[in-house]
Each structure stands twice: as C-alpha cells, then as structure tokens.
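The values are calculated or read from the model by the stated rules, or taken from the named source; none is laboratory data. Note that the structure is a prediction, hence the values are computed from the model and not measured. Cβ: placed from backbone, ideal geometry, glycine included. Neighbour counts: every protein chain shown.
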Number of protein chains: 4
Amino acid sequence: MGNTLGRMFKVTTWGESHGDAIGVVVDGCPPLLEITEAEIQYDLDRRRPGQSEISTQRKEGDKAEILSGVFDGKTLGTPILIGVWNEDARSKDYEHMRDIFRPSHADFTYQAKYGIRNWKGGGRSSARETIGRVAAGAIAKKFLAQELGVEIIAYVKQVWRLVADIDPETISVADVESNIVRCPDPDMAERMINRIKEARKDGDSLGGVVEAVARNVPSGLGEPVFEKLDADLASALLSIPACKGFEVGSGFGGLIMTGYEHNDSFYSEKGRIRTRTNRSGGIQGGISNGESVIVRAAFKPPATIMKEQETVNSEGRAVTIKGRGRHDPCVLPRAVPIVEGMIALVLVDHVLRQRGHTGSV
Amino acid sequence: MGNTLGRMFKVTTWGESHGDAIGVVVDGCPPLLEITEAEIQYDLDRRRPGQSEISTQRKEGDKAEILSGVFDGKTLGTPILIGVWNEDARSKDYEHMRDIFRPSHADFTYQAKYGIRNWKGGGRSSARETIGRVAAGAIAKKFLAQELGVEIIAYVKQVWRLVADIDPETISVADVESNIVRCPDPDMAERMINRIKEARKDGDSLGGVVEAVARNVPSGLGEPVFEKLDADLASALLSIPACKGFEVGSGFGGLIMTGYEHNDSFYSEKGRIRTRTNRSGGIQGGISNGESVIVRAAFKPPATIMKEQETVNSEGRAVTIKGRGRHDPCVLPRAVPIVEGMIALVLVDHVLRQRGHTGSV
Amino acid sequence: MGNTLGRMFKVTTWGESHGDAIGVVVDGCPPLLEITEAEIQYDLDRRRPGQSEISTQRKEGDKAEILSGVFDGKTLGTPILIGVWNEDARSKDYEHMRDIFRPSHADFTYQAKYGIRNWKGGGRSSARETIGRVAAGAIAKKFLAQELGVEIIAYVKQVWRLVADIDPETISVADVESNIVRCPDPDMAERMINRIKEARKDGDSLGGVVEAVARNVPSGLGEPVFEKLDADLASALLSIPACKGFEVGSGFGGLIMTGYEHNDSFYSEKGRIRTRTNRSGGIQGGISNGESVIVRAAFKPPATIMKEQETVNSEGRAVTIKGRGRHDPCVLPRAVPIVEGMIALVLVDHVLRQRGHTGSV
Amino acid sequence: MGNTLGRMFKVTTWGESHGDAIGVVVDGCPPLLEITEAEIQYDLDRRRPGQSEISTQRKEGDKAEILSGVFDGKTLGTPILIGVWNEDARSKDYEHMRDIFRPSHADFTYQAKYGIRNWKGGGRSSARETIGRVAAGAIAKKFLAQELGVEIIAYVKQVWRLVADIDPETISVADVESNIVRCPDPDMAERMINRIKEARKDGDSLGGVVEAVARNVPSGLGEPVFEKLDADLASALLSIPACKGFEVGSGFGGLIMTGYEHNDSFYSEKGRIRTRTNRSGGIQGGISNGESVIVRAAFKPPATIMKEQETVNSEGRAVTIKGRGRHDPCVLPRAVPIVEGMIALVLVDHVLRQRGHTGSV
C-alpha cells in the first residue's frame, strides 16, 4: 500500500533498485496531451546517477519507455505505463550487508514491517524509486505549463551551513542549470561544490535545503480542510527519501514576527487582487491565492557513508559496517527534478479536482 | 472535497463556525472500544475557547453529543457521529467585514475557489472546524493507549523568540497541563505568558512551535513510498489552521551535521533493536522504528489582530480593517490537543492497515 | 468502513434505526447550487414509512434538517450535514429478539463481523439508513436536472409474479405517482396492490423489480475498466437493502439473442449519433452513449414476516420467532425514490470526474 | 481513472490490445506469500486465446513476467508488476474500421469520452485488458486458499437458451476443466459446444451465464452499507467486458417466492450456526454468513460478428461493416478464469480490511 499519489491524476510507482525494471503507472492524465519520451527523458537525465563529479557513479542510462497510454504522440486518457530497465546493478556490493541493518537506512524498518526485504541496493527504499515520480512529474509539468502557464522551478538553497541568496520571483531554469550543484547563486554554488567534494574525500555526506517556486498558479486550488494545498505539498515532499522537514512561505522563520508584521496586505493591481508581501507562500487557508507558491524541503545528510559505523545484524549482534556501493555525498542536486515533479503532481491533481467541482480553473 | 482523513479510520468533519452545529463522522473505528462522551469532552475542554486569560473569550460549552455508532458504551464498528451545537456565535461582530477580505485569512481564497463563502466568523475556515478532529482524535488516542500502550503528548516548545528546553522522552501530561500556556518548562512558560499578554494589550498576535512525542509506537507503521508515516504526519499537521512548517526528528536543524554525525547507530537492548540517538525522530524510510516519534509544527501568528490594516473589499477597492471578534493572541496552547489528536488519527490509521496486511501489529 | 459512496461527490451515511438521529454528510457538492429543505423533503416523503396502506405503519415525520454546508439557500462547496431525528422508535418491539438471529436478516452477520450489534430495530442494517441516501440523492438529482437536464425516473416493474408493461422512454413521474404501488401500468398496479394486501393479511411478504430510466445522460460518463458506469450502478443498487440482482439494458433476457440480433446499430439523427435499438441500456464499454440509461434491480421478499419461523439464538439454541415490529409486506413502492437517489449519486460523481478530466461534459 | 480495484489489495491494470505490452500492478499484497510465474500462468492459459476450437485463433503466448515485488519466490509487500508482451497483434485487420464505430462496441463511447482512441484491436476496451486481472486474481486465489482454505470455482451455467444443471456445493475444478466449454454438465456441455460451432459457422455469436461458488468464505466479510460484499461482487463482475447482469443467491428467480418461502432458517451444526437453505447466496445484509457465496453473471453475445451490419463512421455517415479480426463466437469459456479472479480480488480485499479492523478473520 501507499505507492499511489493523487485522486484524479493517480501515480503509482513500482520496482526495486536491483530488480529487472522500475517505473510508474499514471492513471487519470487528461486525454489529448502531446507527450514524448524525450520530454520525460529530460527530467530523468537531471535525476540520473553519474551526471556529474559530485553525484554517484552508478552507470544507468535510465531510458524511459512508454508501454501504454500514448497513441500517435498523444495521451489516450487511459493508464500510461513508463518503465526503465535497471542495467548497472552491482548486487555484490551489497552482499556483505545482507544481514546487517545499515544505520539510518530503512533496512531495519522494512524487516520490521514486512518480515522480508530485498537487501540488494536498498530494494524498494532506494532513491531509484523516484524515477517513476520524475517521469510522471514530467507529464504533469507539461500539462500545467501548456494549459495554465504554470512554471515550477526548484533549486538548491542550502548545503550544510552554506545558504544561498536567491530571489524565487526572478530565478530561471537556466540559472539553476548553470552549475552542477543546481544553486543559482554562483558564488555560493562554488563553495557548495567544494564542500561536497571535501565530504566525498572524507567518505562523509551532507544535507541541505531545496527551495521551489511555482509561478502562475491559479487561485482556488486546494481543499480547505484535510487536503489543503500546503498539506498535500508537505506530504509529497516528505515522501522523498531523506526529507525531514517542510516549510511553506515564511515557515519556521516567520515565528519571530508578530501578526501585524507577518500579515500579507491585499491590494488591487489591474483588476487582480494581490498581496504586497508573500509570507503566506501563495497559500491561504490551504487554498492558492494566485501569488507564487514557495516551499522548502530539508534533506538530511545521506545515511550511506564510507566511514566505519557501529550497528547490529539481523540477530541483534553488534557489528561494524562501511559503505561500499556507489553513492551520493549530497543528494541535493539530484533532488531538484524530484521536488519539481512532486509539486507538479500535487498541482495537477488539484487542478483536475477544481475543474470537476466548479467547471473551470 | 478534502474533508476526510484516513483510509481505515476515516474522519470527516463538517460544520461552519456560526452555523447550527459542528462535528465529525468517524467511519472505521474498530468495534467494542469503550468510549464515553466524558473522555471526548476532556480533550474538547483543552481546545475550548475561554479556557484561560490568554485565549479568546468566546463562550462555548462545546459539549459533545454522540448521536450514532456507540451502544451500551461501546463502539459498534459503524459510523460515529459527534456533534457540538454552536451557542455564542456573534455574527454581528462580522457584519462589517462581510465584503472585505481580511489579510492572511481565507476569505479571499474561499471566494476565489467557490464563488461564495459563509462570511460569519470565517465559516468553514474557522479553527472551530477542529472540534471534530479533537473529538475523533480522543477516540483514536483511547484505542492506541488501550491496545498498544501508545502515549501521545504535545506541548508548546516555542512562542515568538522564546524557546523552551524540554526532554520529550521524560515529559508528562501533568507537566504540560501545569500552566495555561502548556509549556512544560516553568520558567519559559511564565515568560511566554507574559509575552502573550503583552501582545494582546498591543492588539497583536504571536506564533510559535508545538512539539509532540508519541511513545511506545510499534515498529513497522507507515508505508514506504507515498504514505510514509512522516509524510502523513506532515500532511496532518499542515492541515491545522495557521501551520506553516513541519519537522520530524532533527528536521531543519540536522542540516549542519554530516552523515557521520547524523546517523543513528543501532544497538541491541534486551533483545530489542534500538538506536543510540534519535535524529530520525522514530521514523526511518517512512516507517516507525520503535523509538519515540518526535515532530514539530510551526504556527504563524494569528491573522486576526486588533490593529488597523490595509486590504481590499470584494470589488477590489482599498479599505482598512480592524478586528472586532473575540480571538486568540496566540493559538499555541489551544493547538496542543489538536496536534495530539491529528497524530493519533494518523497512527491509528496505520495500525489498522498494518494489522490488515500482516495480521499483527 | 464502507459508509461512503463516490469519489468527487462523496456521500457518507450515519445512524441506527433506533438511535437519536440518522443522516448523511455530502462532501464535494459543487458550490452555488440552490437547494431547500423542501426539495429534500419531497423525496424523503416518498420514502417515508406510513405513507400508504401498503407500507409499514411506523410514524416518522422524517423531517430533514440541514445543519451545515448551505448558506443563503445555496451550497457552499463544503460538507452538507443533513439529519433526521428518530421519533417513533418502539425498541420494546425488539426486546424479545435481542439474543435471536432473525432468518435472512443481518443480525447474525453483524454479530459475526463486529462481535456487537445494536439489536433495536436492526440498528445500522435497518432500511432507515437509506434516509441519508435519499436526502443526498435529492441534491444530486437537482444538480443533474439543472445543469444537464438529466431526468431520472424509477418505478415498480414487477411484484411477485406480476410483471407490468411499461415503456421507459415515455413514462412520466406523474404516471408513477398516480398510484400507491408506484407502478405506471394502472391495471397491473391494482393487481399488485391487491396481492400485497393479501400478503399482509397472511403475515407474509413479497419481492419484485424496480426499473429505472435516466434520460438525457450525456455521452462519455463512466470509466472504461473498473468504475464502469454500469458497474457503479450495479454496486449502488446492490447496496440497497434486500437487492439481490441487477441488470442493465437487455440483462439476463438478452441471452436468448445472437450477436446479430442483439447489436445496437448506429445511425445519425440531426448530427447526433444514436442507436436504433437500446439493448445496451445506454452504456457501451462501461461508458454512456447518450441513449437512455435503463437498469433493473431485484428486491427479495422482506425477511420480516408475521409467521412463526425456526431459527437459533446467540448461543446456537433452536428457537422460534415471529415478527412483532411494524414492517412492509413489500418494500418496492418505498424503494423507488431510493433507486432514483442511488442512480443520481452515481451519475453526478461521473459528471464531476469527466468535467475534471476533460474540462467539459 | 477507474483502472484500480480494491482498497487494501489494490489492483491497477494497464495496456492496450495492440500496444507493446499489457499488465497489472498489485499494491497491498501481504508479504511472504509464495508465488511463482507458473501459478499465474495456469490461469492466464485458461484465459488465453487460441486454447480451443471454440475460441479466437489469435496466437498469444500470454507469458507473464514478474518485474517487481517478488524476491526469492516470496512477495515483498511492495508493488508487484506483472507484464505480458503482445505478440500477434494484426493491426491491419482493424485498418478498415479506423474511422468506423462498430455496433455495440466501445469505439463510439471512447471517442465521446476522450476525443481520441486507439482503434487497433479495440485498444483499452479489448478483453485483453483482463490479462492483468487474471494475473492479479491468481495471486489473490493463492492467498485465500492458503490462509483461509477458500476455494473459488466458476463455470458456464448457460449458453444462449441452453441451461445446465449443476450443484455448486459439490462441483470440482476437474469437472469444470473436463470439457472446452467449461460446463460441468457433460450432456449440456456437448450441446453448448455444438451450438457455438454453429454460431461460428453463421458468423454470429452467443451469450450466456457464468455461475461461481466460493466455499469456506469466513463469516463477517463485507461492509454493511455501500461496500457490501455482494455490491462489490456486482461491481467486479459488471466490470468484465460484455457483462450485463448480476445475481447473488436467488437473484431474479427468487421473486416468485414469498418471504416465508424465501427466508433461510438458521440451525446449529457442531457449534457452528448455519442456514438450511442458501437463497441468500452466502451474504446477508452485505456480509458473508459462512455459507457458500454463489453469484451469476450474464454475458451478452459478443458484438463482433462476421455478418454485415449497419453503422456510421466518425463523421456520422452511414456505412456497413463486417468483422475481420479473430474473435470468439462465445466468450463464456474464457470468462471463467476472469470471473474467478474478480471474485478472489473482492474477497481478499475484504479479508484484509476485516483483519485490520478486528485483528482476526
């Protein structure tokens, strides 16, 4: 259970890290949307291992194949199956930890939950699972951009203690893609890259923050009680491996303000009601207000490190372990397209609901 | 849509702030659970307005009536309807803002979404909606405590810049209830109370952080991909009015650590596998690991203040507005039972799922 | 669980036959629909006990009260709570069967499922539960009629061996309401009424068939695989107490035809594609084709009879039982508004989905 | 939408008749169930085209490949992806009907719903879609048999006017598989086979009834209001292509009885409460009572025939059409494993729910 996201645009991912294949079924994509494997591949390539010197060196082409739901280049309205064949799975890298619970990984909790786990490469808990999300997210992004002009851009805001200075209202995709750490603050980007290289040399790892902005989001999206737009975004981002925190708008930082300082005043601009500040992050009472939606996700430092650590094996006996597979010293750059995809999936679902209930968006 | 939480223990709230009544339907509560109106009332009283000098003075008894689903003091397994009659609704306090969009409230977004809104007391967007959640949460807490010994305690961790020093592993309900701000750090509690009184005198408002711990949570709860235990908790807490941020375990604060510093080492204690530190907040790979589940929610300063603010009316014309209803200068103390209830609702749902899939919890 | 119907127009019923109240929450009704308690009452009165000499004599006003979700006569888009207070609950009529499992009732299966049951008046298994469905169905019918001109008419097609001759394409509500058995074939109606009176005198009961037609249903409603329009209708009608069979279009009767005889030829009429015959019952491949949707539901003879029957008590000891409460010798006439309501609930849900996915209906 | 069945054991099918592949994702299968591709293949072979002289001659191996969710021969508890590669898709057989709406097929309704359709071999509306259901159903059957001893047997009860005489309580799988029409009444089976051959010679087609029995179903399965066991079975069977009717227990045939004649008396047998007759079909008030669950599904004669028929093309112009692909003159024998699979999917879902809510089944 729990492998499906969405009510109207339903995304179900499947597959394990070292299984035959990994992918996604998208059920509920509107018909007649033009989509190509190349458009999906663009985002998969941004998520792909081995794309730069600061990411894992696992060699996976991660080539998306659409096996159903698209006909003559257009969506049919019926389920879209996208699969990627696993190629460079070195299961022997994992043989030595077959019976060992890696610290801060999901080995122990999977065993506790299911009484069985695919110990090769983390199995289902591997971040390879996000391939399906990114593929589905690419379709969602296409729909949102084409139908509503929505633009979603994520970027690395913080690595370890290094915090970039970025204006979400003006940043572009080109800015983000201008460096391998995907931080559109060039000076800080360089410092981040150096810090990540240093961590790799140490056999250690680093966390950080991905920030994202969604522009031109129509007002009125989100349910007012349990499926608030920000609640759904929180859930979507927390569902990404290693995410430990979420903020919308002012988030935790807004707590030092009083209500008078924090409130976003309304004003009228060319017949459209807007707010002068955007501490709400584009969402009020769980519903989008037409301003840019701004969210942040905290990613912990990856659990896999090349240093020796204490842990236990499946019989509870104390052992030590040291990472041997190919891993990322910092997942942040590769998390950028995942965050964008998850935001797109949440938004498209609420667009379809709102259109259903009110006849227009 | 979006008024239902849960898949197995389904909670649907209904009602507007100044309507006839407000309440909840719980569908999926296991049969044969002993529950009384008094047990539900205990938590409603902790959420109730007018309970102390630092909360709103609206006078509502908030007396829960169980209208279905309980027979001879036990749950039937069929829907439990709990209602509270609204008593002290002073709709005239709101007459002057009938056509005005209050800053950082949901007036504008409801209008944008639905083309209509109940302007009396915020209607459905009022925090009175949480009555139903607290009532349902009380039932969930009872089930969890009785069946599994789970104990859920929330408390005020921060008000404005004032941060308390609290050990989640040892705190008790009595500690929390020992003062009106529900902060179990007596010195900081006093400073918080004074700061809130000051804000009220200023006609201003303050935000803060509620932290919560759930002890004795069995390992194995939570789905590994989209309905991760922490993702569901994030969604549940973000669904509470005014919540703008969520953390589990180390959260944003953990980002200054490296992986080596951050990882929770496993060890064996009397045959049970445990972690030496709990930066994971009791959840690894989206699944509980048997350690205490620890989460935090950021609540912005309430939007309603007694100061004059700039805004627009429904025609987009600039106007000023000043709060007149009875409101909380700081929602944190009353948010405590709401946070506990939401956590209980998430946990009970995952307990029932896990029991269904594996036959045991 | 299982007390909610629909994905976009979600209807949750609650309440037991002899509890305080009984009713429904509707979540997902589009905003700005004008609806009055009187419009809901019209259908509740058609379902009400004591409405004629051939129905049960339980005296219930069944007055619907809308407690939330409607403001100034219009729906808000948020949950609509409708309740009816139980008045004439004579629980003492049931005292003698407190520990007895009535044949072909749900006493035994509720006990087997939950380990507890409200034995008064059948509790949750009573047909009083359908009050909530009829109330919600009245709202759905209003929406469908107003937005799309859909007209749903059900009527009694068969009682016992007595089968009426009715043309679903031309029948009117007035025809149906012209007699107390709600069979728009006057001669057969009289025979049915006499047969029902006879059954009552015998202390026995009769079953039959309700047929229904939905006209002006737009083409394109229904999902092509699991939530086919006819599959959802089947589920909806089978969910009515005492229903044991379902047919769409030619149903079981079509089996004596060959494919050549059975196929509905397409032709073009004023630019609209139509079928010359309607053996499909307006649904092809699970999706409406624009012709009238025609379905039938078989209702078994009511289990409660005034004759002595053999059964067992909760310890498994053989006992005899004889009905004492006030019951219907034939539920068909009162089932008519229930069938209409259920069809409306299914249709409105598919309308909202289709509008969401394609932007128009 | 609408490609997923179940709440706890969630089955999503994907793929089109002449696409690259077709299959299913099963999410929610309990972990540690032993399952092999061979076990799945057994039922796929019973559904496969070309299996006998009375079925379509399309040559498809229909070889199931498990691509995820099974490890060392056991289910992981995570999504199981099963795919079948389409091999013998002769799309050119369909070229001539690219713009033509075949009578009583789903060509027109798909076009009306989506504005696009895969016209090759019926695309998504083809009965090839049921491959995924049969594969998932095989897993469900294994679980039910192993955990609870449930045995599900379907068989052909009627073809055209030819009705077999079969005792559901004593029939065995071997009886069913003893002839190619899967009717365990040998004399009638022979007449059915001859009648089907005659229909094929005529270029015509025949419908009929599949009956099914599920034995050893535990009591207590099914929800009492909207997700009644029989309502879910009705929906599941109506979701099979060409199904036009459903009955449980006495069904439409029971209407000629009075309540006194129809009621199933309870008695006690070795400490177990049973019914002397089984007109309820094993379900009372929507919940299983421990007797055999008995249902019937009516399948219309297949729409594809080799005779010339009148219809229209996509511009509404009158044309004639004559089938050219390879089709079944009677789908009944191949529907048998589909019916068994659908029943298994419904039962397993209710078993997991019931176990979740009550801790035992």
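Restricting attention to the stretch A:115-130, the residues being buried (at least 24 other Cβ atoms within 10 Å of the Cβ) and either within 9 Å of another protein chain (Cβ to nearest Cβ) or at pLDDT below 90 (or both) number 7.
On the basis of being farther than 20 Å from A:SER125 by Cα, more than 7 Å from chain A (Cβ to nearest Cβ) and of a type in the set (Ser, Thr, Tyr), does B:THR311 make the cut? Here the answer is no, as B:THR311 does not meet what is asked.
Looking only at the stretch A:218-246, count every residue that is more than 7 Å from chain B (Cβ to nearest Cβ) and either more than 24 Å from A:LYS142 (Cα to Cα) or assigned to a loop (DSSP other than H, G, I, E, B) (or both) and tell me the total. Total satisfying the criteria: 7. Taking the stretch D:13-38 as the search range and keeping residues that are closer than 9 Å to A:SER68 by Cβ and not acidic (Asp, Glu), which one is surrounded by the fewest Cβ atoms within 10 Å (Cβ to Cβ)? Across the stretch D:13-38, the extreme among qualifying residues is D:ALA21. Candidates in the stretch C:190-210 are the residues that are more than 7 Å from chain D (Cβ to nearest Cβ) and buried (at least 23 other Cβ atoms within 10 Å of the Cβ); of these, the one that is nearest to C:CYS330 (Cα to Cα) is C:ILE196. Residue check: C:PRO79 meets all listed conditions (1) out of contact with any Gly (no Cβ under 6 Å at 6 or more places or on another chain); (2) at pLDDT 85 or above but one, namely (1).
Scanning the stretch D:291-308 for residues that are at the interface with chain C (Cβ under 9 Å from one of its Cβ atoms) and either within 23 Å of the chain's Cα centre (by Cα) or of a type in the set (Ser, Thr, Tyr) (or both) gives D:ARG296, D:ALA298, D:PHE299, D:LYS300, D:PRO301, D:PRO302, D:ALA303, D:THR304, D:ILE305.
Which of the residues that make up the stretch D:8-29 are of a type in the set (Gly, Ala, Ser) and within 7 Å of another protein chain (Cβ to nearest Cβ)? Passing the criteria: D:GLY15, D:GLY19, D:ALA21, D:GLY28. Which one of these is surrounded by fewer than 19 Cβ atoms within 10 Å (Cβ to Cβ), of a type outside the set (S, T, N, Q) and out of contact with any Pro (no Cβ under 9 Å at 6 or more places or on another chain): A:ARG317, A:ARG296? The match here is A:ARG317.
Here is a yes/no grid of residues against (1) touching a Phe, Trp or Tyr at 6+ places or on another chain (Cβ under 7 Å); (2) farther than 20 Å from A:ASN3 by Cα; (3) surrounded by 16 or more Cβ atoms within 10 Å (Cβ to Cβ):
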position: D:LEU67; (1), (2), (3): no, no, yes
position: D:GLY83; (1), (2), (3): no, no, yes
position: D:ASP88; (1), (2), (3): no, yes, no
position: D:SER91; (1), (2), (3): no, yes, no
position: D:GLU95; (1), (2), (3): no, yes, no
position: D:SER104; (1), (2), (3): no, yes, yes
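When each of B:VAL319, B:VAL336, B:VAL361 is tested for being β-branched (Val, Ile, Thr), in contact (Cβ under 8 Å) with a residue 12 or more places away in the chain and in a loop (DSSP other than H, G, I, E, B), the lone residue that passes is B:VAL361. Candidates B:GLY271, B:GLY253, B:GLY285, B:GLY249: the one that is facing chain A (nearest Cβ under 7 Å) and either closer than 30 Å to B:SER125 by Cβ or without any contact (Cβ under 8 Å) to a residue 12 or more places away in the chain (or both) is B:GLY271. Considering the stretch A:31-74, the residues that are β-branched (Val, Ile, Thr), modelled with pLDDT of 95 or more and in contact with a helix residue (DSSP H, G or I) (Cβ under 8 Å, 6 or more places away or on another chain) include one that is farthest from A:HIS18 (Cα to Cα), namely A:ILE35. When the stretch C:204-259 is filtered for residues that are over 29 Å from C:GLN354 (Cα atoms) and in contact with a Cys (Cβ under 6 Å, 6 or more places away or on another chain), only C:LEU206 remains.
Out of curiosity, is B:GLY203 of a type outside the set (Asp, Glu) and under 29 Å from B:GLY286 (Cα atoms)? It is false that B:GLY203 is of a type outside the set (Asp, Glu) and under 29 Å from B:GLY286 (Cα atoms). Please determine, by comparing only the residues of the stretch B:212-236 that are among the charged types (D, E, K, R) and buried (at least 24 other Cβ atoms within 10 Å of the Cβ), which one is nearest to B:GLY323 (Cα to Cα). The qualifying residue nearest to B:GLY323 (Cα to Cα) is B:ASP232. In this structure, is C:GLY6 of a type outside the set (Ser, Thr, Tyr), in contact with a strand residue (DSSP E or B) (Cβ under 6 Å, 6 or more places away or on another chain) and in contact (Cβ under 8 Å) with a residue 60 or more places away in the chain? Judged against the criteria, C:GLY6 is not a match. The test for being of a type in the set (A, V, I, L, M, F, W, C), within 14 Å of chain C (Cβ to nearest Cβ), out of contact with any helix residue (DSSP H, G or I) (no Cβ under 9 Å at 6 or more places or on another chain) and surrounded by 24 or more Cβ atoms within 10 Å (Cβ to Cβ) holds for D:PHE108. Could you tell me whether the stretch D:94-106 includes any residue that is among the aliphatic types (A, V, I, L, M) and part of a strand (DSSP E or B)? There is at least one residue in the stretch D:94-106 that is among the aliphatic types (A, V, I, L, M) and part of a strand (DSSP E or B).
Consider the stretch A:3-19. How many of its residues are outside any loop (DSSP other than H, G, I, E, B), under 22 Å from D:ILE22 (Cβ atoms) and of a type outside the set (S, T, N, Q)?
Count: 4.
Taking strands (runs of 3 or more DSSP E) as the structural unit, those lying wholly within the stretch D:253-310 and holding at least 1 residues that are under 30 Å from C:SER268 (Cβ atoms) and modelled with pLDDT of 95 or more correspond to D:293-299.
Residue-by-condition table, conditions (1) under 27 Å from A:TYR42 (Cβ atoms); (2) touching a strand residue (DSSP E or B) at 6+ places or on another chain (Cβ under 8 Å):
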{"residue": "A:GLY249", "(1), (2)": "no, yes"}
{"residue": "A:ASN278", "(1), (2)": "no, yes"}
{"residue": "A:ILE287", "(1), (2)": "no, no"}
{"residue": "A:ALA298", "(1), (2)": "yes, yes"}
{"residue": "A:SER314", "(1), (2)": "no, yes"}
{"residue": "A:ILE338", "(1), (2)": "yes, no"}
{"residue": "A:GLN354", "(1), (2)": "no, no"}
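Within the stretch D:140-189, if we keep just the residues that are buried (at least 18 other Cβ atoms within 10 Å of the Cβ) and within 14 Å of chain C (Cβ to nearest Cβ), the residue that is nearest to D:GLY341 (Cα to Cα) turns out to be D:VAL156.
In the set (1) farther than 28 Å from B:VAL348 by Cα; (2) in contact with a Cys (Cβ under 6 Å, 6 or more places away or on another chain), B:VAL156 fails one condition alone, (1). Tell me whether the stretch D:51-68 contains one or more residues that are among the basic types (Lys, Arg), more than 30 Å from B:MET8 (Cβ to Cβ), touching a residue at least 40 places away in the same chain (Cβ under 8 Å) and more than 13 Å from every other protein chain (Cβ to nearest Cβ). Within the stretch D:51-68, one or more residues are among the basic types (Lys, Arg), more than 30 Å from B:MET8 (Cβ to Cβ), touching a residue at least 40 places away in the same chain (Cβ under 8 Å) and more than 13 Å from every other protein chain (Cβ to nearest Cβ). Is there a residue being part of a loop (DSSP other than H, G, I, E, B) and at pLDDT below 95 anywhere in the stretch D:20-29? There is at least one residue in the stretch D:20-29 that is part of a loop (DSSP other than H, G, I, E, B) and at pLDDT below 95.
Filtering the stretch B:260-316 to residues that are aromatic (Phe, Trp, Tyr) and either closer than 30 Å to B:LEU206 by Cα or touching a Cys at 6+ places or on another chain (Cβ under 7 Å) (or both) leaves only B:PHE299.
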